[in-house]
1. Any residue in the range A:191-203 that is on the phi > 0 side of the Ramachandran plot sitting within a Cβ distance under 6 Å of a residue that is in a helix (DSSP H, G or I)? List the pairs, counting only those 6 or more apart or interchain.
2. Report, ordered by the first and then the second residue, all pairs with beta carbons closer than 9 Å, sequence separation of six or more or different chains, a first member in the range A:90-115 that is in contact (Cβ under 8 Å) with a residue 40 or more places away in the chain and within 14 Å of chain B (Cβ to nearest Cβ), and a second member that is part of a loop (DSSP other than H, G, I, E, B) and surrounded by fewer than 17 Cβ atoms within 10 Å (Cβ to Cβ).
3. Out of the residues in the range B:24-41 meeting the condition of being among the hydrophobic types (A, V, I, L, M, F, W, C) and at pLDDT 95 or above, tell me which one is farthest from B:G105 (Cα to Cα).
4. So which residues in the range B:329-346 are loosely packed, with under 15 Cβ neighbours inside 10 Å and either in contact with a helix residue (DSSP H, G or I) (Cβ under 9 Å, 6 or more places away or on another chain) or of a type in the set (K, R) (or both), if there are any at all?
5. Here are A:S83, A:S59, A:S42: which of them is under 26 Å from the mean Cα position of the chain (by Cα), assigned to a loop (DSSP other than H, G, I, E, B), in contact (Cβ under 8 Å) with a residue 12 or more places away in the chain and surrounded by fewer than 19 Cβ atoms within 10 Å (Cβ to Cβ)?
6. Would you be able to tell me the number of residues in the range A:426-463 that are on the phi < 0 side of the Ramachandran plot, more than 8 Å from chain B (Cβ to nearest Cβ) and in a loop (DSSP other than H, G, I, E, B)?
7. Looking only at strands (runs of 3 or more DSSP E) that fall completely inside the range B:92-210, which ones have 1 or more residues that are within 10 Å of another protein chain (Cβ to nearest Cβ) and small (G, A, S)?
8. Applying the selection to the range A:264-295, what residues are surrounded by fewer than 17 Cβ atoms within 10 Å (Cβ to Cβ) and closer than 30 Å to B:V237 by Cα?
Amino acid sequence: MRGPVVSVTATPAITAELADIVGAENVVFDRAGLGVYELDASDEAITGIHRPLAAVLPSSTEQVARVARLAAAHDLPILARGSGTGLAGGAIATRGGIMIVTARMNAIEEVSLVDRMAIVQTGVINLDLSAHLAPYGFYYAPDPSSQRACSIGGNLGNNSGGPHCLKYGVTNNHVLGVEVVLPGGDVVWFGGPSAENPGHDLTGVIIGSESTLGIITRAMVRILPLPESKGVLLAAFDSMDAASRAVSATIAAGIIPSALEMMDKVTISAIEAGISAGYPRDATAVLLVELDGPSATVEEERARVADILREFGALDVSVAETEEQAQRLWWGRKAAFGAMGRIAPNYHLTDTVVPRSRLPEAMRFVEDVARDYRLTIANVFHAGDGNLHPLILFDRNEPGIMERVLEASKILMRHCIELGGAVSGEHGIGIEKNDALPLMFGDADFEEMAKLKRAFDPANHANPRKIFPSAFDPYRSPMSSVARIDHR
Amino acid sequence: MTDTVAIHRPTSVSELAATTLSAYMAGHRLLIRGGGTHQSFANAAEPHDGIVQMSALDAVIDYSLVDLTLAVQAGRTLSAIDELLRASGQRLAVDAPRRESATIGGLFASGLSGPSRLKYGSLKDVVIGAEVLNSSGEVTKSGGMVVKNVSGYELARLHYGAQGAFGILTRLNLKVLPLPEVRSELQLTFRDAAHALDAGARIVTSALDPTAVSIVSGAAPDDWTLHVVIEGSRSFVRSQLQRVETVATSESPAQEKSVAELEGAALPSFDAIADLTSAQGEIVCRLSVPASQQANVLGALSQSAYSSLLADIGSGIVYVRCDAELEYLEHIQSITPRPVFLALPEPLKSGLDVFGGADEGAATLLRRLKNEYDPTAIFNQGRFVLGL
């Protein structure tokens, strides 16, 4: 389903007003310039190509607020875009309007180690923050795979994850406060440097809202001391089932690894053909386990994990003895997506999640789907969180393939929800998965979400048509039969 | 308004839904109660027609040992949760005084956790899904039973600390953790607050792995004790305690030292100051003060103006307890913007927003939220920020 290319162009009056706010060099409104803002990293076969009326690159909250006011005055949608690495179409201008690109809002404004807090503009690149903190022995824990490119603002919008969520939680667990430009241009702060703010604290609801409630311009994020030591193990298994059971056994033994990643045979072959990371080519599955913390604890847990993995059928367990060896073991995992190009020119990633205990069933189902739909599916994912990432490998030029790929992806997601899971683990809803949400929720649940949307954005200016299923209009308010009390 | 206040003690969510629906239709106001441990907190409720006592809605709905997830009804007490989990070697890593009475729903609606949030996060961080009864009596859900879940707005967070203003929590899905082999607390007494705070600051900026770091006032004016909680395996706790002491005393020596093992889920120093049921005739208040500002605030706070004080270095929060005198109340208000009064006896409470109000932009938003979620004002009217 390819979306229409919106052909509306900005009027000279609007572009002049935008130029007045951010400077003419920071307004993009010509067809060629807007090309880059028509898509993000989602699959255009699903999300389509949508051109905004204009893209602006502000440098301050004040400029964002002025753009929001201007948009409201002209009844135009606004939406935020960080680096455009989103996989669910959250940063695509489905209804045109003004795209606010945060790339120039990239200042790390304050770091306080004793408060374990940093204040950043939301255009800061995720990895840049950790690199900035490293000399002080600190880091920012959420680390999506795209962390070299993705922005903190994009992470906040999608409540992003990464390999280290098992122990450290998702983005929402690392944000203390946010500055938000509301639709209409008012600027508000939620939260603050304290870990908890009784009274009102709407930080938690705006994380993951994909700029449908407002645009986050600054964030006060939690930073952590770098762990003293890390331990990395790689275990080879002769079945995905055995590897999946070993995952649960490790956690059931009271050990919470900082990362627990699984890769299947297809992935191992791709990695070894690509970069020769030294993964066992004959294995059907490998588990990469990372432990972190004080040195003595890491050493003790590393030995216990190695025992558990062997007990649960690991054919071989490699333990990194040096930092270099540890990096080498991670290298394969990090290169996995890039290595898929050796197998097929295109891939479609399904981000879905199941309770960890249901992993063996979920993995068997993935195998069944691959066979039934005659598709090659690679699995490289965050096993510790139960967060699957089946990668369907294909060649877009093969006639009829796209339908098969999307059908298989839908079936996988549906099955994971039946197993007690969710439509997405960490990539967002956007316009890729909004129509899958009814698999989890009913109209009363969507209406609860709609109340939030209407309270924040009464005129539906903030990233319209995202998150909510297309058949559900959050502004079709069910009129109450009871007299409403106006809380003034 | 009716003359008598009806007491409802629903034993099922459908019964609660029926009660809510009839209140909605009749325009009656309901006051929702958990264990009553935080009743003194929040603004005074407006007159109401019924009280909904949540204590019978205390069932365990789903517990997966392997997935480290637990779903319970909101009226379940923390000690009942502790007991269930302990039998399987697990626990809910959230501090709260009066665990035998405090309900998980009540604690969530109060938005209060304790110093262990340094390591484990707040209660809001361990909730992965919720079921809420809305003002028209419908059961609604958000989130789920998986630890990573992006599926629409994180609506559970709207209800954290919202004093029930937007709906009645009926179920919470929680992340749980393995029970540590040992919980120990190191106490080091320093010659003044500044030295104790410095010692704490060195610990939170090191690669040590403490659960909680705070300082507590003592009986004598200059008597300040640093409390550091360490949890984990016996060998981990032993080595960390030793290292914490070395780091804490590297600049100035401690006058006294003691180590105690903590029992069950208790955190005595925090429980003592945060237990609002024991605050008869006292003010208990909570100031948002980042660790870097705590020395200034403690310096500005007249020592005669509090009977006990706990500065949670790890979370940036200062708790103060004092006699219920107007001059103390005003003194506290003059030192930090927007102190939150957890316990404030009448007549000091009347006319005051115990949350300290809200900025204009946030206030507008909060009113719109109340209009959307509780248009007929049936839930806990008056208790939330701005008297919403």
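The values are calculated or read from the model by the stated rules, or taken from the named source; none is laboratory data. Since this is a predicted model, take the numbers as computed values, not measurements. Cβ coordinates were reconstructed from backbone atoms using ideal geometry, including for glycine residues, and neighbour counts include every protein chain displayed.
1. Partner pairs satisfying both residue conditions: A:G191/A:T203; A:G199/B:V385.
2. Between residues of the range A:90-115 that are in contact (Cβ under 8 Å) with a residue 40 or more places away in the chain and within 14 Å of chain B (Cβ to nearest Cβ) and residues that are part of a loop (DSSP other than H, G, I, E, B) and surrounded by fewer than 17 Cβ atoms within 10 Å (Cβ to Cβ), the close pairs are A:L113/A:G137.
3. So, considering only residues that are among the hydrophobic types (A, V, I, L, M, F, W, C) and at pLDDT 95 or above, the one farthest from B:G105 (Cα to Cα) is B:L30.
4. Once the filter is applied, which keeps residues that are loosely packed, with under 15 Cβ neighbours inside 10 Å and either in contact with a helix residue (DSSP H, G or I) (Cβ under 9 Å, 6 or more places away or on another chain) or of a type in the set (K, R) (or both), the range B:329-346 yields only B:S334.
5. A:S59
6. So the answer is 7.
7. B:127-133, B:139-143
8. A:S295
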